[in-house]
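The values are calculated or read from the model by the stated rules, or taken from the named source; none is laboratory data. The shown structure was predicted, so the numbers you read here are calculated from the model rather than taken from an experiment. A quick note on method: Cβ atoms are made from the backbone with ideal geometry, for glycine too, and the neighbour counts reach across all protein chains shown. Please note that ligands, DNA and RNA were not included when accessible areas were found on the heavy atoms of the full protein model with its side chains. Shrake-Rupley method; radii C 1.70, N 1.55, O 1.52, S 1.80 Å.
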Amino acid sequence: MNPACLYIVATPIGNLADISERAVQILQKVDLIAVEDTRHSGKLLQHIGVATPMTALHEHNESRKVEQLIERLSTGESIALISDAGTPLISDPGYQLVKAALAAEIKVSPIPGASALVAALSVSGLPSDAFIFEGFLPNKSAGRLKKLGMLADESRTLIFYEAPHRIVACLQDMQQVFGAERKAVVARELTKTFETIKNDSLGNLLVWIEADANQQRGEFVLLIQGKEKEPSTVDTEAEFILETLMQELPLKQASQLAAKITGIKKNTLYQIGLNKKQ
Ligand code: SAM
């Protein structure tokens, strides 16, 4: 069996101390490290004392480079893939390489660590039981509005990456599509000196960020609370779930559980339950 392995290694998203011990060990022991940018990753590797040779794999040469890397893996060499920050393949190159390695029956193993989307979600205060990650939205407003429009009724928490020069325009479009009242979070410069996590309505976030140019700098994750089901749209299925639970549990617990199952506010369900009891 080929002893080679392709390791997908997460690196920090700002704070270099977030590299894992295992990431350092793997980066030291592999024959080659595929990086997005040799200068950028060279600094990290120097910081952690890794002298393994690097090769560049970025979005412009991925198809060509994959063939060479698969050849080396096929001869028994091990390769680690890292990106400029966070977890490779998450809005970063690597998908074609992983697909080709799996097709060639080469072992692919993750060395997990930071990813901005998970870091942001974990502190957002928005529902984290179900979410969707959309990566970067289209650059231009027309495309962005179209994409956001397709997500307007999404009930799961929505997560996006955004660049500093588009942050205000993007929040403006989000306000237009989701409404000024929708809860959202701006997670900026996570793990870095100017880390800012602001949780408010889209309308208030927009006013806040427009008023302070400093808050428009750096790296951003934007999170939007999913659309809550309106009480009027409480469907017969939700009522059936609530009624069934009410047969076995006190109303408070029944509405809490029904809220978890249906995504409808527990107070709404409690009120419906009360009406049914009367
Ligand atoms: N692979 C990375 C990951 O796992 O998060 C993401 C790479 S993507 C090219 C870079 C984008 O991720 C940035 O433009 C920003 O939206 C987000 N990001 C990366 N680091 C961040 C940080 N420290 N704080 C907030 N957002 C960050």
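With each label modelled as a point 7 angstrom along the Cα→C-beta vector, the Glu181-His58 pair spans 4.6 nm. Ordering Asn199, Asn275, Ile241 by Cα displacement along the dipole of the chain toward the positive end leaves Asn275 in first place; charges were set at the Cβ atoms of Lys, Arg (+1) and Asp, Glu (-1). Hey, with R₀ at 30 Å, roughly what FRET efficiency would Ser20 and Lys260 work out to, going by the Cβ-Cβ distance, to 0.05? The computed FRET efficiency comes out at 0.35. The apolar share of the surface of the stretch 1-51, taken as the fraction of accessible area on carbon and sulfur atoms (1.4 Å probe, ligands and nucleic acids excluded), comes to 48 percent.
Straight-distance candidates among the lysines for linking to Lys265, with alpha-carbon spacing under 26 Å and chain neighbours fewer than 8 residues away dropped: Lys183, Lys198, Lys227, Lys229, Lys252, Lys276, Lys277. Across the stretch 47-53, coupling constants 3J(HN,Hα) worked out from phi with the 6.51/-1.76/1.60 Karplus curve, θ = phi - 60°, read 4, 9, x, 10, 10, 4, x Hz, and Gly and Pro carry x. Hand me the trypsin sites (Lys or Arg not before Pro) from the stretch 117-184 located in a DSSP loop with no more than 15 other Cβ atoms within 10 Å, in residue order please. Sites meeting the loop and neighbour criteria: Lys140.
Counting only DSSP beta bridges with both residues in the stretch 1-137, the antiparallel share comes to about 5 percent. Under 19 Å from the 7 Å Cα→Cβ point of Asp212, by amide nitrogen: which residues of the stretch 163-181? Label zone hits: 163-172.
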